[in-house]
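Structure record follows, encoded as structure tokens.
The values are calculated or read from the model by the stated rules, or taken from the named source; none is laboratory data. Not measured: the values here are computed from a predicted model. Virtual Cβ from ideal backbone geometry, glycine too; neighbours counted across all protein chains shown. Surface accessibility is based on the protein's heavy atoms, side chains included, excluding ligands, DNA and RNA. Shrake-Rupley method; radii C 1.70, N 1.55, O 1.52, S 1.80 Å.
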Amino acid sequence: MTETVLETTNLTKRFGALTANDDISLSVDRGEIRGIIGPNGSGKTTLFNNLTGFYTPDEGSIVFDGTDITEWEPHRIARAGMARTFQIVSPFRNMTVTQNLLAVEAPDSIEDKHARAREILEFLEIDHIADNEARGMSGGQQKLLELARVLMLDPDCILLDEPSAGVNPALEKRILDHIQELNDDGTTFIMVEHDMDVMRTIADTVTVLDQGQLIAEGSFDEVTGNDRVREAYLGREVDLEEVLG
Amino acid sequence: MSKREGSLPPRLESIVYTADGDGYDWRLAWGIVAVLLVAIPWLGAGTFELRILIGVLMWIGLAQSWNMIGGYAGYLDFGHGAYFGIGAFVTGIAMVSLSLPFLPALVLAGIFGAVFAYAIGVPTLRLKGAYFAIATWAFAEAMRQLALLLDITGGTSGLTLPSTMAAFGIPLPDLPRVIYLYYIMLVLSVGVVVLTYVLFEHHEFGYKVKAVRDNEDAAESLGIDATRIKRQVYVLSCTTAAVLGGAYAFYITFVHPQEVLDSMITAQMVIMALVGGLGTILGPIIGGALIFLLDRLSALYFGSDTMYISLMGLLIMLVVLFAPDGIVGLLTGETDASDIRSNLNSLLEKFKFQ
Amino acid sequence: MAKRNQRPAATSSQHRRRFLQVAGATGAAGLTGFAGCLGDFDEEQDDRDVFRFGAVTSLSGDLRFGGTITERGYDLWEQRINENGGIEIDGTSYEVEIEYADAQSEPSTGADAAEQMIDSGIDALFGPYSSNVTLAVAPIADREQIPHITGSAESPEIWEQQYEYTFGTIPAGNVIASESAGSIFDFQPQAESVYITGVNDPFTSDTAEAMREAAVDHGIEVLDYELFPRDADWTSPVSAAMDEDPDLHFHAAHIEAHVDFLNAARDLGYDPDGFFSHYGVDTESFAEGLGEDAAHIFGATVWLPRLDRGGDALFDSPQAYADASESAFDVTPDYTQAGSTAAGIVYQEALQELGAAPPLSSEQQSELVDILEEVEVETFYGDINFETDGDLYHSNVATDILTIQRTADGFDVVAPDELRESEPTYPAPAWDER
Amino acid sequence: MDLFIQTLINGLLLGGIYISVGIGFALVFGVLEVIDFAVGEYVMVGAFAGSVLAAGLGIDALFVVPLVFVAFYAIGFFVQPFLHHVTTSNVPMPILMALVFTFGVAFFARGGILTTFGPNTREVPTSIATGGVTVSAIGTFPVARVLTGIFGIVAVAAFLYYLYNTKGGLAIRAIAEDRTDARLMGINIARYQSVAYGMYAGLTATAGVFIGIIFAADPGMGMQYTAFAFFMVVLAGMGYLPGIIVSGLVLGVAQAMFSTYVSGAWVFFVLFALVYVVLLVSPQGILGRGEPVS
């Protein structure tokens, strides 16, 4: 049985003459891992910003868990259960890992934030650096910290902006395993990712954006076989996997 | 390290160190400080010493109050002094025009400060960085000009407050007035410091504030209502400044716009918090005490030479250049000799014009 | 997972070192501070053979200009009396010693300074320049029962508060302004209208108000009365005044704003029959600021060097005082400086009458105040006698108020009649005819 | 003579004074991202330099203007590396730190002048720039103010020419755009930042000479010019240099008109309130051309 957790209708965002998101309608099922791909500047991050309230769309609507959240502010959307990370890691530099987690406005259902934080750090296997200051940590550890912070929200749906970028392969695998594990427990993921291997292994469905428009949607193999997608990436017909994979 | 450990007799050690044998028990140090502060009027301190201590306490409180918005929240409030002045005037007006005793007047000052801060904070906090700094500064200057023009503030004449303890609000034994003023300032200043410590260092609220300072977008994405947090910090810090201003009015008994709304008041708060160490609990305490004592005592003892103004300037420059974490940074070892050396080297780099 | 509150050994040693450093440094800073505070404390009530005075003046901040004039006045008294061997009590001479503190033009610093000096065991206080600081110091003098004479504060607010231990040698500014303004209204041909501007500051706003009241009393039409902020640009007020074409223009300001105002008036060619400001017209700073254009401006003073007044033990005439000032500071004294020196002479007389050797006990200090209340001293500055009740309580009311007019190289007394040195040049010539 | 026109003249000339102070400040703000609290103190020290040099050399203060410019250019050139060090240091709020540093500079300058020259005002001697020129049926133009206004406008023009028509100007604009990119392009940013700050210091001190001629040199005069420099930049739109002319004139004329036709006493209150409201309503300045609020 599938249930729609997130649905956008005719979502449009313009910056002056540029239409960064153009009439995007998409729907994500609960428990899905949705990949979003597209060349640079195709509107992926803008879409994230629209979904999480950092931008207010010019047209269209966003419904999350049956509620219209189009005009909501970011913090309200986060509290409603849709969380995100950023392309550039953004830990709170002058705090310890634990404090980073405690800062999160966790839902009321979490009674003991300290216990929850400990649990998450143990789950992500970074409890040994719980009292380290974020600014001294490696990029990979910071990525994990971001994921940990997001989990404090106990979200239904997590939007990840390039979770594996700049991370060594071992750590990348760890992150992906954690994502998989969380997904098995019912968390929905929407991921922007450039690494096509990652997409192939993890994504249930892939949505392709180009110049602000949704140009294809389907399984990884379906979309990479799509002519329009190839064109979008390279402007001519080549084997996408060969180039990017 | 082990040497030092062994140098204490075991009994003392059990008092000085925490139960798990690891690290110092800070509570002991603070306990001693607290007892000393309470006992000082009875340990031979005269009126002058108490006055100086009142000044020290007040400036620690003010520096800490600025530190909330400026240090912890990272908003350069250059109009903070306005709330000090507003608090002083509200207290003065309540005592003179409404004939209220000091205590209710002080409460009124706090309430008024809070309401005013909210009204100003809502539009002003939408600005960031230098824009916020200049806007708050313009606001504070406007307040000073306004106070010079209104009748209720006494205009250019200022207000003269009742100068006996009879106006305090509750009957008190007959002790020198300065002792009461000392305790009033002690309670308020320690209150501000403790409040800051609890809220900003030991409470989720503080983590949220720092989160908003370090990365507002990330904070928002984690459910933190940044706008609300900023307003809360602003109102809190402005209210404490207003309350301290109210106490100051009762202390000095003469309130004048050119003094309590002087832009130098804000400047001094900023310098103190910065020299001590921004966004730390100890910074404003050390910075406030040190800068106030340097400034006041040099004015009193070397008063006939204005050179000390330049030396203050030099001190500020040196701290910014070589110890940007402030004195706290030096004390905690965060800034050490090698940092200063590398700062010096990097400074010399900047002189390579070719 | 590791227990959070247990730190690894390395951190703990750092932790401890940090504690010691912080504790040590805080303690050291505190102790240094206290040592500083207590430095003078122990000297209190020692046997000594000098009279010790504390002087609170503004050597920095907005009021530093007047503050240093005050300092010179007190200094000159100290210098001269010590050259004469000091104050003679029962056949022994005691030198005097004045300590200064910078009030930074701020009441709280001034108050701390006063308290510090009283704590250090001074016999009496010299007052600060300006009413702001005086209003913070006077209650302390009352509470600590220390005699306090100010040689320069002119604001009427001080006297309205009726502080028991505070006295002033200079008449209140509103009294000076009002009397002097009145004498200008009597010049022929009589003025029919006046335009009054001023700076919206404590002392100057009182002066402006006094000018307006004087005009109303004399039946002169006040075309406009307006106050401006301290750093205002004066071209617009001048243009507005020109438009009204008054017979006289009165301007209530300190020297800087007065010079700015007259510069603007000259540049724009504003020519009423006379300009008047009560304060500062007799100072060198005013003359230097305006150069030749200072001529014909009316002002007021209560004292000047060539006045034919008696003298006292230290200075046998106003001119002798001026000569002493010239040789000590290379400065021609104005009435603020003279008034400050006169404050010293009043102390000297009162101390001799008291007849107590230093240091003074607190009973003797209170007695000194009783003597000051009654005192009538003749000085180079003029007669000094403090009012004992009403709105001018403890202000000197014995001094004559003189209206002056600047000339090409100085100024002449033009009123009152009995002290007049020359007829006023009235109406004054236009700027371009000078 | 018409009061309205004369008030307008007064306001425009007052605006000229503000422009002469605001232009350098706007430059360092725009290019170096330094909010210089010492701006008013450069005016003050410049006025004293003018006074001392003119009196010492026995010449008209107008003739020492080049000397003052060169001297303060040199001073500024060697102050900037300190600021550069602070703004690029690894502290949480480098811009704030730089601001506090300039605070220290301001204290240092004020204390130094006070100690050296005492509290008195000093005349900046001139025999050329005195009096006023009356143009019949229009109004009177005070000579010193006219010269100051011309100086201000010429300074803006010269700055703009330098920025847009010379290699040095290109380098400075590149630095303003992005410091790191500029370095990658091979620009010696230390040198050109120093050039920019030196020009600012020289120009502002020179404005001080003119202001000293109009009024006098006074150790306490700095703060009000700091305030006005801030206002100018806010109204002009931060980082938008040509806006300085407009904002200076608006500020001057508004002040004069308000003073004459509404209330003298309330004029500063209204100015400060105006700056506050402009920031809230249109943080990019009255022309809307400043840098966006980031």
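If you take the accessible area of D alone, add that of B alone, and subtract the area of the pair, what total do you get in Å², probe 1.4 Å, to the nearest 100?
4900
How big is the D-C contact in terms of buried accessible area, both chains counted, 1.4 Å probe, rounded to the nearest 100 Å²?
2500
Between C:Ile89 and C:Asp330, what is the label-to-label distance in nm when each label sits 7 Å out along the Cα-to-Cβ direction?
3.8
How big is the C-B contact in terms of buried accessible area, both chains counted, 1.4 Å probe, rounded to the nearest 100 Å²?
Summing both chains' loss of accessible area gives about 4600 Å².
Calculate for chain A the 222 nm mean residue ellipticity that helices alone would give, adding -39,500 (n - 2.57) per DSSP H run of length 4 or more and normalising by residue count, nearest 500 deg cm²/dmol.
About -9500 deg cm²/dmol.
Residues of the range C:142-171 that become at least 50 Å² less accessible with every protein chain present than in their own chain isolated, using 1.4 Å: which are they?
C:Arg143
Once the convex hull of the C-alpha atoms of the range B:134-198 is built, how many Å³ does it hold per residue, rounded to a whole number?
Dividing the Cα hull volume of the range B:134-198 by its residues yields 147 Å³.
For C:Glu95, what residues show an amide H to amide H distance below 5 Å, using hydrogens built from the backbone and excluding near sequence neighbours?
Excluding prolines and chain starts, which carry no amide H, the hits are C:Phe51, C:Ile87.
How many angstrom lie between the C-alpha centres of the range A:197-211 and the range B:67-142?
53
Taking only protein heavy atoms into account and a 1.4 Å probe, give the accessible area per residue of chain A in Å².
43
Rolling a 1.4 angstrom probe over the protein chains, ignoring ligands and nucleic acids, what is the accessible area of B:Leu318 in square angstrom, nearest 10?
The accessible area of B:Leu318 comes to roughly 90 Å².
Identify all lysines with a Cα-Cα distance to B:Lys128 below 16 Å; exclude those on the same chain that are fewer than 8 residues away in sequence.
Once the sequence-local lysines are set aside, what remains near B:Lys128 is B:Lys210, B:Lys230.
In whole percent, how big is the carbon plus sulfur part of the accessible area of the range D:2-281, probe 1.4 Å, protein atoms only?
Heavy-atom surface of the range D:2-281 belonging to carbon and sulfur, 1.4 Å probe: 70 percent.
Can you return the lysines within cross-link range of B:Lys352? Criterion is Cα-Cα under 26 Å, with same-chain partners fewer than 8 residues away left out.
Output for B:Lys352: D:Lys167.
Relative to the first principal axis of the alpha-carbon coordinates of chain D, what is the inclination of helix D:189-214, with its axis defined by its Cα atoms, in degrees from 0 to 90 and to the nearest 10?
10
Please compute the net charge surrounding A:Thr12, taking Lys and Arg as +1 and Asp and Glu as -1 over other residues with Cβ under 9 Å from its Cβ.
Spelling it out: positives minus negatives among the neighbours equals -2.
Distance from the Cα centre of the range B:306-354 to that of the range A:72-134, in angstrom?
So the two Cα centres are separated by 36 Å.
Whole-Hz ³J(HN,Hα) for each residue in the range B:167-178, computed from phi via Karplus 6.51 cos²θ - 1.76 cosθ + 1.60 with θ = phi - 60°, x for glycine and proline: what do you get?
Result, rounded to whole Hz: 8, 6, x, 10, x, 10, x, 7, 10, x, 4, 4.
How charged is the neighbourhood of D:Ala26? Take every other residue with its Cβ under 13 Å from the Cβ of D:Ala26, and add Lys/Arg as +1 and Asp/Glu as -1.
My count for the surroundings of D:Ala26 gives -2.
For Cα pairs less than 8 Å apart in space and 6+ apart in sequence, what is the mean separation divided by the residue count of the range C:274-318, i.e. the relative contact order in percent?
Taking the mean separation of contacting Cα pairs over the length of the range C:274-318, I get 36 percent.
Could you list the residues of the range C:306-324 with an amide nitrogen less than 19 Å from a label point located 7 Å from the Cα of C:Glu376 in the Cα-to-C-beta direction?
C:309-313
Largest first, how would A:Thr207, B:Thr239 line up by accessible area (1.4 Å probe)?
Per-residue accessible area, sorted high to low, gives B:Thr239, A:Thr207.
Could you do me a favour and compute the accessible area per residue for chain D, 1.4 Å probe, result in Å²?
Dividing the accessible area of chain D by its residue count gives 34 Å².
Take D:Ser263 and C:His218, extend 7 Å from each Cα along the Cα→Cβ direction, and tell me the distance between the two endpoints in nm.
The answer from the label model is 3.0 nm.
Just reorder B:His203, C:His148 by solvent-accessible area, largest first, 1.4 Å probe, all chains present.
From most exposed to least exposed: B:His203, C:His148.
Tell me the mean residue ellipticity at 222 nm calculated for chain D from its helices only (DSSP H runs of n ≥ 4, each -39500 (n - 2.57), averaged over every residue, nearest 500).
For chain D, the value works out to -24000 deg cm²/dmol.
Pop out a list of residues from the range D:170-214 that are at least 10 Å² less accessible with all the protein chains around than in their chain alone; 1.4 Å probe, no ligands or nucleic acids counted.
Residues losing area: D:Asn188, D:Ala190, D:Arg191, D:Ile214.
Rounded to the nearest percent, how much of the accessible area of the range B:262-346 (1.4 Å probe, protein heavy atoms only) is carbon and sulfur?
The value for the range B:262-346 is 68 percent carbon and sulfur by accessible area.
If amide hydrogens are placed 1.01 Å from N in the peptide plane, which non-local residues have theirs closer than 5 Å to the one on A:Thr70?
A:Ile62
7 Å from Cα along Cα→Cβ at both A:Lys113 and D:Phe117: what's the point-to-point distance in nm?
Roughly 5.6 nm, to one decimal.
Please work out the Cα center distance from the range D:148-195 to the range A:151-190, rounded to the nearest Å.
Here the two parts' Cα centres lie 48 Å apart.
Could you sort B:Val187, D:Val65, C:Val397 by their accessible area in this structure, using a 1.4 Å probe and putting the largest first?
Largest accessible area first, the list is B:Val187, C:Val397, D:Val65.
Summarise the long-distance tail of P(r) for the protein assembly as shown by giving the % of C-alpha pairs beyond 42 Å.
53
For the range B:221-280, what class follows from the C-alpha gyration tensor (a ≥ b ≥ c being the square roots of its eigenvalues): rounded when a/c is under 1.5, otherwise prolate if a/b is larger than b/c, else oblate?
In terms of gyration-tensor shape, prolate.
When the Kirkwood hydrodynamic radius is evaluated over all pairs of different C-alpha atoms of chain D, what value in angstrom, to one decimal, is obtained?
19.5
Among D:Gly252, D:Met223, D:Phe63, which residue has its Cα furthest toward the positive end of the charge dipole of the range D:2-281, with +1 on Lys/Arg Cβ and -1 on Asp/Glu Cβ?
The Cα lying farthest towards the positive end belongs to D:Phe63.
Just read off the accessible area of A:Glu125 with the full protein assembly in place, 1.4 Å probe, to the nearest 10 Å².
Surface accessible to solvent at A:Glu125 totals approximately 100 Å².
Just the number, please: carbon plus sulfur as a percent of the accessible area of chain A, 1.4 Å probe, no ligands or DNA/RNA counted.
Looking at chain A in its full context, I get 42 percent from C and S.
Excluding ligands, DNA and RNA, what is the solvent-accessible area per residue of chain C at a probe of 1.4 Å, expressed in Å²?
34
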